Amino acid sequence: MPDPYKTAIDPRRITLLSGCPEKAGTVVYWMSRDQRVQSNWALLFARHKAAMLKQPLVVVFTLSPSFLGASPAHYRFMLKGLQETETGLVKRNIPFFLLFGDPAEVLPGFLGEMNAGVMVTDYSPMKISRQWKAGVSQRISIPLYEVDAHNIVPCRTASQKQEYAARTFRPKITALLGEFLKPFPEPSAMPSATPCMPANWPRAFDTAKTGSACIPPGWPEPGEKAAGACLASFLSKRLRIYGEKRNDPNADAISHLSPYLHFGHISAQECALRALEADAPDISKKAFFEELVIRRELSDNYCQYNEQYDSFDGIPAWAKESLEKHARDPREHLYGEETFAEARTHDRLWNAAQRELLETGKIHGYMRMYWAKKILEWSASPEKAFDTAVALNDRYALDGRDPNGYTGVAWSIGGVHDRPWFERPVFGKIRYMNAAGCARKFDAESYIRRYGS
Ligand code: FAD
Ligand code: FO1
């Protein structure tokens, strides 16, 4: 049978994490970051392997009891999306299994039960993902392939080192985009299905139940279908004003795709391909590509090549030196994590941003910078500020616990991918923002009214 995937899947997407010899047996896709059926290079590679080896294909997801401060509501959003993924897989005769616990504990036994011959998983630069994969690799005797299904240009191909700034990264991505920004083959159904029970969803939702059993009303609908609808609505209604209005939190010009991109309910490559065809000005398409491709893939680059991506210690020397020089400057206001969390500072604009986070699960991109920079200004030390911003973002943001978040905090507070600015108290040479600057850009009072107490 001609293999439709061989040509479509660029070998540079694939990394062999453990070099055990392949043996005859089921192909297992351990799904983690890219939780979708459509436009998923990891699933397509696993499907290719199953076709070549003439073996069954199954998908497994390991549910951890905790995940970087994720709330029960974040878990419910993810689980509802996974239920839709299970339906899409079973329709293609691909059974879906949900395991409970640490991957290194639960996967080896599962692979034995499946008589697995090879395992495929999706790429992530995050430490937790690398720890999971290292733990699993030590306990299995079949090959484990990792496929970059999250980036258009695979992270390890785009650059082999931590990039200094978007301006050093952009030419490397742009030079390769033509080779990678290609349409996806359809993941065809398997000829027959291995019989399997539906996943134990009641148990899964039970682990995500404390507090209210619903997803907050201000949050979007989870899953691939809702993600596709969000993209379609952005491309038809908001992309055309994105170039001009994306920094105005009152304009509703942004895509709102980040929760879907974070949980992998939609592929960035699919978003980029569809944006290219959209009826919108080039300036808007260019601005959207700058964020969706350059900035987003630069975040994976930062997390891939900087072990301390989630801490103050990861920031560049010029920034650390400058912030430490001003660490003892008097702070006009001082707040701890709970005061920030409850939006109880003196600053109405900052409180409105925190309330946007609490109500909608994310803060508008422009306000997110202001939000983090004021945490720097009103925390006892720059290290404390960094940890507070990461903790609040991971605890409340629906798109949190993501390379974009760690890099966003590192940019705002630690000058990562930015340059030194005019030196001032507390900030040192870190780029400064204030409410007056926001009011010059957009109607701050209207934003405050919208997210007022
Ligand atoms: P759009 O403007 O429509 O952008 C489309 C997509 O491009 C986004 O979904 C995202 O994947 C990507 N993108 C946009 N801006 C950036 C950026 N600055 N860096 C990297 N990728 C970008 N993004 C998250 O996904 N999760 C986070 O937890 C997160 N935390 C942040 C914290 C701070 C302090 C800052 C300054 C930025 C943070 N960002 C985070 C990046 C950015 O603010 C969000 O990706 C964006 O606002 C999401 O809304 P959207 O999808 O409507 O964005
Ligand atoms: N991925 C998993 O494989 N198992 C989990 O239990 C899990 C929980 C989870 C909770 C919140 C959240 O924002 C993401 C979560 N993820 C989980 C997905 C996660 O995005 C990726 O697996 C990691 O980013 C690693 O790349």
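Give me the 1.4 Å probe accessible area per residue for the stretch 285-383, excluding ligands and nucleic acids, in Å². Don't jump to the answer; show the numbers that get you there.
On the way: 3840 Å² over 99 residues.
That works out to 39 Å² per residue.
Obtain the nm distance between the two label points defined at E290 and T168 by a simple spin-label model: each point lies 7 Å from its Cα along the Cα-to-C-beta direction.
Each label point lies 7 Å from its Cα, and together they span 2.0 nm.
Could you look at the chain and say what percent of its accessible area is carbon and sulfur, using a 1.4 Å probe and all protein chains?
Whole-percent figure for carbon plus sulfur exposure: 56.
Among A165, F205, A227, which residue has its Cα positioned farthest towards the positive end of the charge dipole of the chain, with +1 placed on the Cβ of Lys and Arg, -1 on the Cβ of Asp and Glu, and the dipole taken about the Cα centre?
Result: A165.
What is the set of long-range amide H partners of F100 at a cut-off below 5 Å, with H atoms built 1.01 Å from backbone N?
So F100 has HN proximity to L63.
If R₀ is 41 angstrom, what is the calculated FRET efficiency for the pair E423 and K23, using the beta carbon separation as r and rounding to 0.05?
Working: r = 62 Å, r/R0 = 1.51.
Using R0 = 41 Å, I get an efficiency of 0.10.
In the stretch 196-282, which trypsin sites (Lys or Arg not before Pro) fall in coil by DSSP and have 13 or fewer other Cβ atoms within 10 Å? Please report the intermediate quantities before stating the final value.
On the way: sites: R203, K209, K225, K237, R238, R240, K245, R246, R274; in loops: K209, R246.
Here the sparse-neighbourhood loop sites are K209.
Count the lysine pairs in the stretch 312-450 whose Cα atoms lie under 16 Å apart, taking only pairs 8 or more positions apart in sequence or on different chains.
9
How much FRET efficiency would the formula 1/(1 + (r/R0)^6) give for A380 and K237, where r is the Cβ-Cβ distance and R0 is 45 Å, rounded to 0.05?
On the way: r = 44 Å, r/R0 = 0.98.
E(calc), rounded to 0.05, equals 0.55.
How large is ³J(HN,Hα), in whole Hz, for each residue of the stretch 8-24 in order, when computed from phi with the Karplus curve 6.51 cos²θ - 1.76 cosθ + 1.60 and θ = phi - 60°, using x for Gly and Pro?
With coefficients 6.51, -1.76 and 1.60, one gets 6, 8, 5, x, 6, 7, 10, 10, 8, 7, 9, x, 5, x, 5, 10, 4 Hz.
Suppose every Lys and Arg Cβ carries +1 and every Asp and Glu Cβ carries -1, with no other charges. What dipole size does the stretch 14-91 come out with about its Cα centre, to the nearest 20 debye?
Details: 9 positive and 4 negative charges, 24 e Å.
Taking the Cα centre of the stretch 14-91 as origin, the dipole is about 120 debye.
Exactly which trypsin sites (Lys or Arg not before Pro) in the stretch 6-94 are in a DSSP loop and have at most 12 other Cβ atoms within 10 Å? Let's see the in-between values first.
Numbers: sites: K6, R12, R13, K23, R33, R36, R47, K49, K54, R76, K80, K91, R92; in loops: K23, R33, R36, K54, R92.
Counting only loop positions with at most 12 other Cβ atoms within 10 Å, the trypsin sites (Lys or Arg not before Pro) in the stretch 6-94 are K54.
Scan around Q35 for amide H atoms under 5 Å from its own, H built in the peptide plane at 1.01 Å from N, and keep only partners 5 or more places away or cross-chain.
Placed amide hydrogens put G264, H265 under 5 Å from Q35.
Stick to the Cα atoms of the chain, pair each with every other, and give me the Kirkwood hydrodynamic radius in Å at one decimal.
Values: mean 1/r = 0.0435 Å⁻¹.
Result for the chain stands at 23.0 Å.
Place a +1 charge on the Cβ of each Lys and Arg in the chain and a -1 charge on the Cβ of each Asp and Glu, then give the dipole magnitude about the Cα centre in debye, rounded to the nearest 20.
Using only the charged Cβ atoms, the result is roughly 520 debye.
Could you state how much accessible area L68 has, in square angstrom rounded to the nearest 10, with a 1.4 Å probe and all protein chains kept in place?
70
Round to the nearest 0.05 the FRET efficiency obtained for R130 and K91 when R0 = 45 Å and r is the Cβ-Cβ distance. Each step should come with its number before you reach the end.
On the way: r = 33 Å, r/R0 = 0.72.
That pair, R130 with K91, gives E of 0.90.
At 0.36 nm per residue, and after removing the present C-alpha to C-alpha distance, how many nm does the segment from I283 to E338 gain when stretched out fully? Don't skip to the answer; put the middle values down first.
Values: separation 55, 0.36 × 55 = 19.80 nm, distance 4.08 nm.
Here the segment from I283 to E338 would lengthen by 15.7 nm.
Contour minus end-to-end for E105 and L16, with contour as 0.36 nm per residue of separation and end-to-end as the Cα-Cα distance? Write down the numbers at each step before the final one.
Values: separation 89, 0.36 × 89 = 32.04 nm, distance 2.11 nm.
The E105-L16 span can extend by a further 29.9 nm.
Using +1 on the beta carbon of Lys and Arg, -1 on that of Asp and Glu, and nothing else charged, what's the dipole of the stretch 270-424 about the Cα centre, debye to 20?
On the way: 21 positive and 29 negative charges, 86 e Å.
Dipole of the stretch 270-424, to the nearest 20 debye: 420 debye.
Report the one residue of V90, S236, F67 whose Cα lies farthest in the direction of the positive end of the charge dipole of the chain (charges on C-beta: Lys and Arg +1, Asp and Glu -1; origin at the Cα centre).
Result: S236, furthest along the dipole toward the positive end.
Under a 5 Å amide H to amide H cut-off, with H placed in plane at 1.01 Å, what residues pair with V60 once short-range neighbours are removed?
Y29, W30, M31, F97
Given a 1.4 Å probe and the protein chains all in place, what does the accessible area of T174 round to, in Å² to the nearest 10?
Number for this one is 80 Å².
The values are calculated or read from the model by the stated rules, or taken from the named source; none is laboratory data. Please read all numbers here as calculations on a predicted model, not as lab measurements. Cβ: placed from backbone, ideal geometry, glycine included. Neighbour counts: every protein chain shown. What goes into the accessible areas is simple: the full protein's heavy atoms, side chains included, and nothing from ligands, DNA or RNA. Shrake-Rupley method; radii C 1.70, N 1.55, O 1.52, S 1.80 Å.
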